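Asker: First the structure, then my questions, so here it is.
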2 protein chains.
Amino acid sequence: MGSNIQSINRAASILALILESENSPSFTQIMETTGLARSTASRLLASLEDNHLVARNEENLYSAGPMITRFSHSTGPEEDLIAQSQEAMELLSQETREAINLAILVGDEVQQISQLDSKYLMGNVNWVGLSVPTHCSAVGKAFLAFGNAATTGRLKKRTAKSITNRAALEKDLKKVRARGWALSDSELEVGLTAIGAPIFGADGHVVAALSVSGPTMRLNKDRVEVIGALIARQGSLISQQLGYTAQHGTVKEHSTSDRKVGAA
Amino acid sequence: MGSNIQSINRAASILALILESENSPSFTQIMETTGLARSTASRLLASLEDNHLVARNEENLYSAGPMITRFSHSTGPEEDLIAQSQEAMELLSQETREAINLAILVGDEVQQISQLDSKYLMGNVNWVGLSVPTHCSAVGKAFLAFGNAATTGRLKKRTAKSITNRAALEKDLKKVRARGWALSDSELEVGLTAIGAPIFGADGHVVAALSVSGPTMRLNKDRVEVIGALIARQGSLISQQLGYTAQHGTVKEHSTSDRKVGAA
DNA sequence: AACACGAGTTCCATAATATGGAACATATTC
DNA sequence: GAATATGTTCCATATTATGGAACTCGTGTT
């Protein structure tokens, strides 16, 4: 009881704050709530982030890190989302030879929790643990189109092709709903194309999203269409494994407008 | 990248080891895998435990702590087990005035993740974060009776009334299945009586258990029967909220024997 | 444009803090 | 009952985390 390590106590109290607060707290909030010195809070958070225990937003809002969210989704009632998706991911990997990712929604961003590497020499690095905005990633759009996720705040212009206008985004999402898969063509990073599809849980919510991503050079229009159909099908198969039983095609009234906006 | 806190890096690597390994690692395994000095590992683990980041078995096996399991179950696809159970717990609290707990299975033990305190002066302390063996607790028995949980190793004799014989335990579990609730009468701690009932998820597995617990003095035979019926009903209601749709009464063939035994 | 302000990070001297070896408990085995 | 295996506590040591201040970066204001 008395034999405690100070830095760990402090780090743990920060973690507790982040895990228990509903909305992702900001650096300043954390600093003030815990009563730690600025520099100390900064260092502790950096360390926690490096160790994947917390994840940080582009706006310096903190949420649970990949190590924890990954654990959350590899255990518990839905009995191993990662394991359930393994087979489909391997099939996609064989068919496309590109990088395959499984991602979940954390806060207002999308976090990769599992990956199969590209078979090409020029493939993307390991994304596990990486968080990306919803509006300019394929997985993110899958959540936006089919789930109750909403964009909050300004839509960042990551590249020249990023969609930063809500009306334009909504138009794009309509296409996503129609064909069952989402596309991000150089919207997150120049030269990077990704195709994403949703995975529905038993209760009808989007619990995760699959993606195939690789260099735009290799993923031309025709290839994208083929992969799109493929990934949508695999996502749908996993959804069925998870107990999702909706009749395909009759996607009924997914809310198109923002349901809630972050405590502004 | 270079500005890291050593103790946190080390603690994080321990955490990673625990969260990522399927079977709960032992102290020695952790120490050897991480390459830390014995004393250091011991202190770090003690600190992590004090901060509820890891939980330790009676056999010194480590698993994810309440802070993390609590997070896992307050988020994700089943959309807040704790919130879903709140109403039922409050009702039980009003009716019984005793301590009400919500527990989940972690490894081979049962961990409390939510509690409403007793209204009496002599009530039990805050159990949130506490792990107890399955075979001598009411919640534990609920998991054993209705879920695919299994006892592993020796059954510890916590009190004179603890059931330490597997045949005797199985007989008790049969009663539990028949009436829909479990009883632990001074089996965990002398003078402590608890009544537990299972909560089923949409897929038919037991995802959590409810309990009412208090001094044996206040919980006499009649009262136990009344509370048993009450708590079984509330558990069943929550199950329905979670999407469980089994026909009540026809509990079909819950596996009665141990399904799997820990990697021995 | 220039300025002031807010939010975070990095630097650095300081000492407080975590460290690891060894001694000390506590089970388990032969 | 000795011997081994597994963890915990102690304690001197210097390594390591700490917090104030300086610095950087971004944003809004006149």
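All of the numbers you see were taken from the coordinates with simple rules; none came from a lab. What you see is a predicted model, and the numbers here were worked out from it, not measured in a lab. Every residue, glycine among them, receives a Cβ derived from its backbone with ideal geometry; neighbour counts consider all protein chains shown.
Asker: Taking R0 as 30 Å, what FRET efficiency do you get between B:Q241 and A:N23 from their Cβ-Cβ distance, rounded to the nearest 0.05?
Answerer: Taking R0 as 30 Å, the efficiency between B:Q241 and A:N23 is 0.75.
Asker: Looking only at other chains, what is the average number of their beta-carbon atoms within 10 angstrom of each beta-carbon in A:67-74?
Answerer: For this peptide, the per-residue mean of nearby foreign Cβ atoms is 6.
Asker: What Kirkwood hydrodynamic radius, in Å, does the range A:6-64 give when the mean of 1/r is taken over all pairs of distinct Cα atoms and then inverted?
Answerer: 11.0 Å
Asker: List the distances, in nm and shortest first, from the label point of B:T33 to the matching label points in every other copy, placing each point 7 Å from Cα along the Cα-to-Cβ direction.
Answerer: Distances between equivalent label points, in nm: 3.1.
Asker: Taking the Cβ-Cβ separation of A:R166 and B:R177 as r and a Förster radius of 60 Å, what is the calculated FRET efficiency to the nearest 0.05?
Answerer: Efficiency, rounded to the nearest 0.05: 0.65.
Asker: How large is ³J(HN,Hα), in whole Hz, for each residue of the range B:214-219 in order, when computed from phi with the Karplus curve 6.51 cos²θ - 1.76 cosθ + 1.60 and θ = phi - 60°, using x for Gly and Pro?
Answerer: Result, ordered by residue: x, x, 4, 4, 7, 9 Hz.
Asker: Now for a different question. Taking a point 7 Å out from Cα toward Cβ as the label site, list the nm distances between B:R166 and the same residue in every other copy, smallest first.
Answerer: So the distances to the same position in the other copies read 6.1 nm.
Asker: Further question: So for the range A:70-241, averaging the separation of alpha carbon pairs under 8 Å that are six or more residues apart and normalising by length, what relative contact order in percent results?
Answerer: 21 percent
Asker: Something else about it: Using just the helices of chain A, give the 222 nm mean residue ellipticity in deg cm²/dmol: DSSP H runs with n ≥ 4 each add -39,500 (n - 2.57), and the total is spread over all residues, rounded to 500.
Answerer: -12500 deg cm²/dmol
Asker: Let me ask you something else. Across the residues of A:43-50, average count of Cβ atoms on other protein chains within 10 Å?
Answerer: 4
Asker: After finding the eigenvalues of the alpha carbon gyration tensor for the range B:70-241, what semi-axes result from the square roots of 5 times each, listed largest first in whole Å?
Answerer: 21, 19, 15
Asker: Multiplying the sequence separation of B:S39 and B:N220 by 0.36 nm and subtracting their Cα-Cα distance, what value in nm do you get?
Answerer: Here the answer is 60.4 nm.
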